[in-house]
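In what follows, a single structure is set out as structure tokens and then discussed.
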């Protein structure tokens, strides 16, 4: 972990989020930023669905990947950047609900590689329902032109 | 493999594609349908990018998941349906290009579980560049109300 | 979840473990069985190492797969059986220690598919160290001759 | 890719294999070494089985991880080393046969990260049968004491 003060990583994650065109077109909001844990929320929208009327796996992947990535930004130096190498998504229950919550948490911070786990939940009338999990492997990038964070 | 005649699975895959709101909002087109192999193409659009200006991992996941899923529809009975259980995506090179091609191919057809592998390519001036790979595990659903394919 | 009484699943998991030749040749012991959570332990042995003298990834996979599989046996009917469809392993830190602990926990029980998460730890003089994580997707098998659990 | 002459990587892979205690205790043999592609073979042995009498997933993982890792050694500098970060295994058919063949191939060589795909086959009286696939993400290690390749 680095010595970033907390104001710093909050601001950098918000700026980073502001540049993510794909997330905005989904209607995503950054609702919680802690060191090593970030949450993104998404209201239901029919344009986010697949043929069965449930949240599309690509939307779930985008939101979980972003939550894991932002969690990684909270544990690296201000001048470093994050690149996702790979992730695995398990689709556990159909994504039906009024809103969706996606949480990314750092499982293993490292000097080169960061591993995070993410969980997605559908939120409606009843209790939150676990709809998806992700494990994501990311690489810390330093000083590579054109990919500044 | 089933005895579907080829016209049948072509039509079902096109109908299925027509119902996928999330894919349409990406600008995706179904460009090739063979038994056990389907291709989807996507023109570059700035709204599909993440903070570095390259194709968002969620978009890549959506397109590869769909290509793998449609390939699965080509090897199942007409009345059955496909549900993705899980997938893994490796992001191999930054997604920069004029167009993107996503191919899904069946690795292992089964009576309950189908495994497919997908590859994504960026297409521009030079040779096509491999940008991502996916392995996807899907389940064949039969007669479950409300999830008819 | 099923109505198995707890004595039942304990016994079935012990019997299942007794039949796993590959686990015995690793020196593995079943050290904890709860509903939806099972632990396996392994003393360090040079024959379990790879070229850097650390625990081989295949050994870690075998132990985590078994811990996840046994956890699945604790939540299914006595006559059903479990087959692993796929898993992902992240190797988080080098496997160095006197003993290793592998825990499998059920993330999502289902009527056909069970998803479990596993964690592996190295245990030595200091605090336990997280060395690996797994997400495993399993299928419940009923009445298929020759694969009875 | 590097300028290693081919004799060099052959020899380094054989030396590396000779140091892998876990592979030897499985009975594995290195049967083919090409640049970016390596094969390992394994005769059937009851001690490699799980409770259904088929090849244990951990054995399959060990063999595929090794085949992918050795393939990576064939495309890096002589003084560099390979560390597996993560892999995903799909178990496609029960591992029954007289012998098993595991092939690792480089999908994406890189300056820091190498991605390989592996396939495992059961070999008996009939045609070779695909039993498993792997995607593996590895990191190139340079000059880190105690992990020399």
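Only DSSP H runs of four or more residues enter the estimate; each adds -39500 (n - 2.57), and after division by the residues of chain D the mean residue ellipticity at 222 nm equals -7500 deg cm²/dmol. The equivalent ellipsoid of segment A:6-53 has semi-axes of 26, 12, 7 Å, largest first, where each one is the square root of 5 times an eigenvalue of the Cα gyration tensor. Compute the angle between helix C:6-18 and the longest alpha-carbon principal axis of chain C, please, reported from 0 to 90 degrees and rounded to the nearest 10. Between the helix axis and the principal axis of chain C, the angle is about 60 degrees. Neighbouring Cβ atoms from other chains, within 10 Å of the Cβ of residues in C:128-138, number 3 on average. When each of A:41, C:86, A:29 is scored by the number of other beta-carbon atoms lying within 10 Å, the sequence from fewest to most is A:29, A:41, C:86.
Mean partner shielding of peptide A:108-115, defined as the number of other chain Cβ atoms within 10 Å of each residue Cβ, is 4. Look at the alpha carbon pairs under 8 Å that are at least 6 residues apart: their mean separation over the length of chain A gives a relative contact order of 25 percent.
Ordering B:131, C:123, B:106 from the fewest to the most neighbouring beta carbons within 10 Å gives C:123, B:106, B:131. Ranking of A:31, A:137 by neighbouring Cβ atoms within 10 Å, starting from the fewest: A:31, A:137.
Partner shielding of C:77-89 amounts to 6, given as the average count of beta-carbon atoms from other chains within 10 Å of each residue beta-carbon. Against chain B, whose longest principal axis is taken from its Cα atoms, helix B:57-73 shows a tilt of about 30°. Using the Cβ-Cβ distance between residue C:47 and residue C:105 with R0 set to 35 Å, the FRET efficiency from 1/(1 + (r/R0)^6) comes to roughly 0.75. Within the P(r) computed for segment A:66-149, what percentage of the Cα pairs occupies the region above 21 Å? For segment A:66-149, the fraction of Cα-Cα distances above 21 Å is 36 percent.
Two numbers describe the Cα atoms of chain A: Rg and Dmax, which are 15.0, 48 Å. Here the translational diffusion coefficient of the protein assembly as shown follows from Stokes-Einstein with Rh set to the Kirkwood radius across Cα pairs; for 10 °C and 1.306 mPa s it amounts to 65 µm²/s.
Where a number appears in this text, it was derived from the coordinates with a stated rule and is not lab data. Just so you know, these numbers come straight off a predicted model, no measurement behind them. Quick reminder, even Gly has a Cβ in these numbers, built from the backbone with ideal geometry, and neighbours come from all protein chains shown.
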